[in-house]
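Encoded as structure tokens, the structure appears first; notes follow it.
Read-outs throughout are calculated quantities, based only on the coordinates presented, and are distinct from any laboratory measurement. These numbers were taken from a predicted model, which means no experiment stands behind them. Positions of Cβ are generated from backbone atoms using ideal geometry, with glycine treated the same way; all protein chains shown enter the neighbour counts.
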Amino acid sequence: MLEDKLLVLKCRRGSKDAMCRIYLKYKDYMLTLAKGLLGDQAEAEDIVHDVFVAFARSSGKFQLTGSLKGYLATCVSNRARDRIRARTRQADALGSTIPLLAGSHDPEQHAAETEELTRLRQAMSQIPHEQREAIMLHLKGGMKFREIAKLQDVSISTIHGRYRYGLDKLRSLLNGEVEK
Amino acid sequence: MRPAEDIKKLIETLSDKTSAQMDQRVRENMLRALAESEKPSALTWPKIGRTIMKSTITKLATAAVIIALIVLGLLEFIDTENKSGVVWAEVARKVEASRGSVVRCRETTSFQPSDETDYSITYTSPRYSRKDFYEGGQITHTYYTDLSSPDTETITGVYHTHKHYLSQTYQKSRNEFFLEQHEDWMNPRYLVQKILSCEHRKLGQKTIEGVLCEGIETTDPASLGPLPGPVTRLDVEMRLWVNAETEYPVLFESKISGEAEGKAMSSEGVMDQFQWDVDLDPSFLEPNIPPDYVDMRTL
């Protein structure tokens with residue numbers, strides 16, 4: 001936390017080194033979160049790229065009020081939601097259904113993952129985005145339900161519900177596949 | 001049935017790694033965005049080592065003009081006192097001609113944690129400078145600056161805590177603010193110019209650690225150079241003490257306070273333990289990167 005505050009202070013003074021350190025520290029965390037939310041490697045990479053570029057652009061005036069990790073997770077989540085909305089608009093315009101999330105496009109990464117994780121990603125793509133967001137931000141993002149509720153502008157009980165229903169749905173989907 | 005706990009654990013094992021290609025793309029665009037955004041906020045306080053002179057050519061030209069003015073006696077018009085033993089033109093000339101210098105720097109600010117480092121030691125030659133940052137008696141990181149090119153400046157940061165290093169070459173014409181903050185603070189040769197180029201007064205004599213010294217002081221905000229934003233209630237005090245016998249600086253003190261964006265800010269700095277006209281081994285000033293240190297670009 002203190003280290004992050006120092007890095008942010010240095011970024012405000014134009015330190016390229018501090019900016020690189022923040023990137024190194026959080027890049028994998030953010031990519032995991034983005035890919036978990038979107039299910040698409042290329043889109044997840046774009047989001048991480050865009051968040052860091054926007055952060056660098058505004059670093060001179062950036063004020064860190066909470067944790068940097070939480071701030072970056074919120075940025076990833078907001079941008080992922082924008083992408084989901086864009087997909088919906090695109091699908092509406094084409095008169096088609098929303099395409100399912102494609103999963104990893106990177107064959108090497110795909111091969112490196114266990115079959116179980118691949119099934120998990122497929123199952124994640126089939127639950128509503130709000131539920132996926134609550135699950136990912138809580139379990140991978142390390143955010144509290146209260147923080148997620150503030151981010152999604154809903155009550156804490158709603159977030160609890162989304163989280164619980166999401167996990168139940170994932171369990172059904174995964175058990176269904178196992179039973180096949 | 002698979003229990004929910006298993007699914008939570010499975011989700012927690014999700015782990016994606018960025019590719020080298022992505023790292024390069026993000027780093028390039030991120031650093032470009034940072035450089036473009038370096039129109040600093042008013043909350044960014046200039047380091048006390050900043051000088052009003054931006055480019056090396058301007059610095060040298062200004063130094064020459066100041067020395068000439070002093071020799072001609074024109075600066076006597078803006079002195080509130082005169083006639084002391086130290087010839088300040090000679091101080092400026094000697095500092096400028098110094099083959100190498102060593103100085104300890106300490107700075108505390110109201111906006112930057114004071115525990116970042118305890119102090120730094122800067123070694124400067126006309127071609128290179130090296131700045132070691134100390135915390136608890138240990139060097140935490142070192143910045144090496146190659147000043148030999150007229151157009152570019154290469155800064156290499158070696159971070160001992162994490163065994164990382166990063167070397168970047170900057171075009172002087174495109175990074176004035178960044179370089180100004182880094183190079184000038186390390187370069188004690190501009191201290192005399194900084195004060196003499198502004199309205200100043202002589203402080204008379206004082207004994208510092210058994211050495212008879214003479215001082216000058218400026219309270220002219222122009223000594224800070226162009227400020228990065230609107231600052232009100234700006235108070236500046238800079239004092240330079242020079243050994244009356246050798247006419248080399250021995251102590252530089254600064255106090256700056258002001259209000260930016262509604263917030264009170266202050267900075268205090270001391271540069272002491274000077275050594276002037278020393279021969280510094282060039283190999284000591286060139287980047288020394290231990291073989292097990294990792295280039296941050298490859299991480």
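By the count of neighbouring beta-carbon atoms within 10 Å, fewest first, A:Glu45, A:Glu116, A:Glu147 end up ordered A:Glu116, A:Glu147, A:Glu45.
Listed from fewest to most Cβ neighbours within 10 Å, the set B:Ser266, B:Ser257 follows the order B:Ser266, B:Ser257.
Measuring between alpha carbons in the structure, the pairs from B:Lys94/B:Lys255; A:Lys10/A:Lys140; A:Lys169/B:Lys9 lying more than 23 angstrom apart are B:Lys94/B:Lys255; A:Lys10/A:Lys140. Computed 3J(HN,Hα) for segment B:284-289, one whole-Hz value per residue from the Karplus formula 6.51 cos²θ - 1.76 cosθ + 1.60 where θ = phi - 60°, is 6, 8, 7, x, 10, 10, glycine and proline marked x. Put simply, the amide H of B:His141, placed in the peptide plane, has neighbours under 5 Å in B:Phe133, B:His160, leaving out anything fewer than 5 places away on its chain.
Counting Cβ atoms of other protein chains within 10 Å of each residue's Cβ and taking the mean over peptide A:48-56 gives 5.
Coupling constants for segment A:145-156 follow from the phi torsions by the Karplus curve (6.51 cos²θ - 1.76 cosθ + 1.60, θ = phi - 60°), and in residue order they are 4, 4, 5, 5, 4, 5, 5, 8, 6, 9, 6, 5 Hz; glycine and proline get x. Residues B:His200, B:His162 in ascending order of nearby Cβ atoms (within 10 Å, fewest first): B:His162, B:His200.
Ranked by the mean number of other Cβ atoms within 10 Å of their residues, highest first, the peptides B:124-137, A:57-70 fall in the order B:124-137, A:57-70. For segment A:113-180, the relative contact order is 38 percent, taking Cα pairs closer than 8 Å that sit 6 or more residues apart in sequence and dividing their mean separation by the residue count. Full extension of the segment from B:Lys9 to B:Glu28, taken as 0.36 nm per residue of separation minus the current Cα-Cα distance, would add 3.3 nm. Hydrodynamic radius of segment A:113-180 by the Kirkwood approach over all distinct alpha-carbon pairs: 12.3 Å.
Close amide-amide hydrogen proximity is noted between B:Tyr119 and B:Tyr134, each under 5 Å apart and 5 or more residues distant or on a separate chain (H modeled in the peptide plane; Pro and chain starts excluded).
Less than 5 angstrom separates the built amide H of B:Leu203 from those of B:Gly215, B:Ile216, B:Glu217, all sequence-distant by 5 or more or on a different chain.
Backbone phi angles across segment B:237-246, fed through the Karplus curve with coefficients 6.51, -1.76 and 1.60 (θ = phi - 60°), yield HN-Hα couplings of 9, 10, 10, 10, 10, 10, 4, 5, 8, 7 Hz in residue order; Gly and Pro are listed as x.
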